[in-house]
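Student: One structure follows; several queries about it will come next.
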Amino acid sequence: MEDDGSNPLRRMSSRTRKVASKMVAALSSSDNRTQAALARLDALENDNAGFEVTDANNDDDEASLDDEDQVYMQKKQSKGTKRKTRQAKALEARKAPRTFLELLHEANLESLPANVPTYWKAAVGPPSSTSRRHFCTVCGFSANYTCVRCGMRFCSYRCQNVHNDTRCLKFVA
Amino acid sequence: MSSTSTVVVLDNGGGLIKAGLGGECDPSTIIPNCLYRSPASKKWLHPNPLPTTTTTTTTEPDLTSAAVRRPIDRGYLINPDLQREIWSHLFSSILHINPSHSSLLLTEPLFTLPSIQRSLDELVFEDFNFNSLYIADSPSLVHLYEASRRPDTLVSRAQCSLVVDCGFSFTHASPVFQNFTLNYAAKRIDLGGKALTNYLKELVSFRAVNVMEETFIMDDVKEKLCFVSLDVPRDLNIARNRGKENLFRSTYVLPDGITHMKGFVKYPEQARRYLSLADDGLSRPPEGDMNCLEFAEHPAERKAVDLTKNEFDLTNERFLVPEMIFHPADLGMNQAGLAECIVRAINSCHPHLHPVLYESIILTGGSTLFPQFAARLEKELRPLVPDDYNVKITAQEDPILGVWRGGSLLAASPDFEEMCVTKSEYEEHGSARCRKRFFH
């Protein structure tokens with residue numbers, strides 16, 4: 001508690017420094033963009049928009065940004081809630097329904113012989129032509145321009161401004 | 001209830017459960033396959049069955065900002081406990097049947113994982129004590145229904161068809177031959193009604209009002225306003241126009257909780273104007289299916305969006321959302337569109353079947369209800385099919401109920417009892433052995 005409170009400025013600056021390095025890394029690799037695209041597709045299958053992902057996972061993501069933060073988070077957590085025993089955790093894991101993707105992974109369909117039709121083989125596969133129409137993420141009309149920072153599409157100067165103000169991701173952490 | 005011959009037919013979809021007794025012509029109830037919880041309460045509640053012709057709507061529950069729990073994820077049952085809760089409500093309070101005195105005909109998606117099949121069997125035999133069980137896959141039931149309804153068509157004479165099931169969780173194109181689904185040739189697109197609703201939510205939330213939590217309202221918006229465009233570039237240009245030139249602009253009024261509890265389309269006749277564009281000599285979808293004509297306002301009142309009222313305009317979203325089924329690549333998915341999906345499914349079959357299959361395409365599933373769906377599909381499919389083959393697409397009359405009706409027919413057939421797995425067989429052999437009987 002003390003070392004966190006004593007020097008907030010120093011903590012801030014180290015955090016920004018680390019974020020900056022992440023930002024450079026994110027800008028240089030295109031993989032982050034594909035990851036974001038996949039995450040977006042995954043979100044299309046969600047039942048509820050905001051509700052479900054409020055616990056545990058989010059904390060982990062944030063904590064990994066910064067080592068000092070992580071220590072801080074752990075402290076905060078240990079103070080607030082009782083530590084769970086392994087047994088309790090195992091029970092909780094068994095109780096929670098697993099997602100379909102987890103079940104799919106468990107079924108180990110790859111091990112079946114090649115002639116057995118499975119879930120994976122039934123997927124229609126990539127389209128024959130690679131051409132993709134792009135629609136402006138702001139207004140929906142066909143978009144000719146790409147945001148240099150996040151790769152989203154927009155169609156005009158006006159839409160670019162809206163995009164920059166509201167949803168430009170800048171980088172995907 | 002007391003006789004042992006009652007057959008419960010259950011089409012357990014990801015979005016809607018269609019349930020009824022075998023032999024009847026329509027399911028006795030259609031109920032959303034979910035529990036919901038409004039933000040004010042802590043209890044998960046059962047949604048009301050959808051209004052049918054026989055039942056009148058009772059008091060509508062407030063579904064605004066309700067959170068939803070579904071037992072089915074990506075089309076497959078992942079939460080048997082939740083499903084048990086929903087089924088027991090369905091059997092005891094809605095259908096009023098006693099499972100231990102009845103058989104069950106249940107639909108299951110293609111390629112269900114063995115672990116999911118096992119949990120489903122446990123649910124049916126151990127939790128509900130059904131007498132016997134028959135597992136059917138939806139394409140063969142749809143084929144059965146269509147073949148028996150029109151005995152003189154090619155579908156029934158050639159005993160094969162290609163069933164395109166565009167439902168809530170995903171879209172399948174599956175060839176059916178002699179009442180068996182050729183599962184080695186079935187192809188799937190991971191896009192269905194749920195993804196489309198979520199996509200529409202995302203678009204509207206960014207452009208107009210935040211509706212990310214309004215699953216039920218946005219479902220309604222999608223059903224009432226979305227349609228399939230026959231010519232996307234042309235329609236995009238029209239959608240750009242201002243004022244009356246813009247044939248696609250339509251306004252949806254969100255429920256305000258005081259005067260109206262359900263959202264509605266503000267000017268229904270304005271929302272239908274896009275139909276005037278269907279000038280290619282293609283058949284028009286039947287008009288007048290959109291209800292909610294409560295507000296008949298004067299043209300003078302047509303102004304820009306009134307910000308004091310909770311309403312939003314839709315223009316190009318109306319056709320860009322269903323468009324994703326035809327071009328999932330536009331969404332960033334690495335999957336082919338529906339037309340190509342059909343071609344690939346057919347190409348996986350024996351060449352002798354190709355001409356027949358192209359001529360007997362059946363559309364089913366709730367997402368095929370978008371106006372102009374069949375016309376657009378034909379337009380996309382024709383260039384991909386060899387010239388000497390005919391393409392004929394039949395849209396089912398009631399695509400949501402088609403599977404159930406097939407199941408009802410099957411349940412009424414005289415040798416149905418022999419096809420079932422009984423509870424004693426299950427107890428002796430276990431799940432895996434019994435499953436072999438259904439040839440999946």
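Student: Just one of (1) within 14 Å of chain A (Cβ to nearest Cβ); (2) outside any strand (DSSP E or B) trips up B:TYR145, so point out which.
Tutor: Answer for B:TYR145: the failing condition is (1).
Student: What about B:ASP256, is it under 22 Å from B:ILE342 (Cβ atoms) and out of contact with any Ser or Thr (no Cβ under 8 Å at 6 or more places or on another chain)?
Tutor: It is false that B:ASP256 is under 22 Å from B:ILE342 (Cβ atoms) and out of contact with any Ser or Thr (no Cβ under 8 Å at 6 or more places or on another chain).
Student: Also, quick follow-up: B:SER161: without any contact (Cβ under 8 Å) to a residue 12 or more places away in the chain, more than 10 Å from chain A (Cβ to nearest Cβ), over 17 Å from B:THR112 (Cα atoms) and touching a helix residue (DSSP H, G or I) at 6+ places or on another chain (Cβ under 7 Å), yes or no?
Tutor: No, not satisfied.
Student: Quick one: in the range A:125-168, of everything that is at the interface with chain B (Cβ under 8 Å from one of its Cβ atoms) and not in a loop (DSSP other than H, G, I, E, B), which residue is surrounded by the most Cβ atoms within 10 Å (Cβ to Cβ)?
Tutor: This residue is A:PHE135.
Student: What number of residues in the range B:183-205 are more than 17 Å from the chain's Cα centre (by Cα), among the polar types (S, T, N, Q) and within 7 Å of chain A (Cβ to nearest Cβ)?
Tutor: Final tally of qualifying residues: 1.
Student: Another question, if that's okay. Out of all the residues in the range B:357-376, which are over 20 Å from B:ALA185 (Cα atoms) and part of a helix (DSSP H, G or I)?
Tutor: Once the filter is applied, which keeps residues that are over 20 Å from B:ALA185 (Cα atoms) and part of a helix (DSSP H, G or I), the range B:357-376 yields B:GLY366, B:SER367, B:THR368, B:LEU369, B:PHE373, B:ALA374, B:ALA375, B:ARG376.
Student: Follow-up question, since we're still on this one. Is it the case, given these coordinates, that B:VAL385 is farther than 24 Å from A:CYS136 by Cα, among the hydrophobic types (A, V, I, L, M, F, W, C) and more than 10 Å from chain A (Cβ to nearest Cβ)?
Tutor: Against the criterion (farther than 24 Å from A:CYS136 by Cα, among the hydrophobic types (A, V, I, L, M, F, W, C) and more than 10 Å from chain A (Cβ to nearest Cβ)), B:VAL385 qualifies.
Student: Scan the range A:119-140 for residues that are over 30 Å from B:PRO114 (Cα atoms) and touching a strand residue (DSSP E or B) at 6+ places or on another chain (Cβ under 7 Å) and report the count.
Tutor: 6
Student: Keeping to the range B:227-250, report how many residues are in a loop (DSSP other than H, G, I, E, B) and more than 13 Å from chain A (Cβ to nearest Cβ).
Tutor: Narrowing the range B:227-250 to residues in a loop (DSSP other than H, G, I, E, B): B:227-231, B:241-242, B:246-249.
From what's left, more than 13 Å from chain A (Cβ to nearest Cβ): B:227-228, B:230-231, B:242, B:247.
Qualifying residue count for the region: 6.
Student: Further question on the same structure: Against the conditions (1) under 24 Å from B:LEU141 (Cβ atoms); (2) of a type in the set (A, V, I, L, M); (3) free of Cβ contacts under 8 Å to residues at least 12 places away in the same chain, where does B:ILE342 fall short? Just the number, please.
Tutor: The single condition B:ILE342 does not satisfy is (3).
Student: Residue check, B:ARG84 against (1) within 14 Å of another protein chain (Cβ to nearest Cβ); (2) part of a strand (DSSP E or B); (3) among the basic types (Lys, Arg), all met but one. Which one?
Tutor: Of everything listed in (1) within 14 Å of another protein chain (Cβ to nearest Cβ); (2) part of a strand (DSSP E or B); (3) among the basic types (Lys, Arg), B:ARG84 misses just condition (2).
Student: Tell me, please, whether a residue that is modelled with pLDDT of 75 or more and surrounded by 13 or more Cβ atoms within 10 Å (Cβ to Cβ) can be found in the range B:274-291.
Tutor: yes
Student: Then there's this: Could you list, ordered by first residue, the pairs with Cβ atoms under 9 Å in which the first is in the range A:79-106 and away from chain B (no Cβ under 14 Å) and the second is at pLDDT below 70 and surrounded by fewer than 11 Cβ atoms within 10 Å (Cβ to Cβ), at least 6 apart or interchain?
Tutor: A:LYS79/A:MET1; A:LYS84/A:GLU92
The values are calculated or read from the model by the stated rules, or taken from the named source; none is laboratory data. Since this is a predicted model, take the numbers as computed values, not measurements. With ideal geometry, Cβ positions are generated from the backbone for all residues, glycine too; neighbour counts draw on all protein chains shown.
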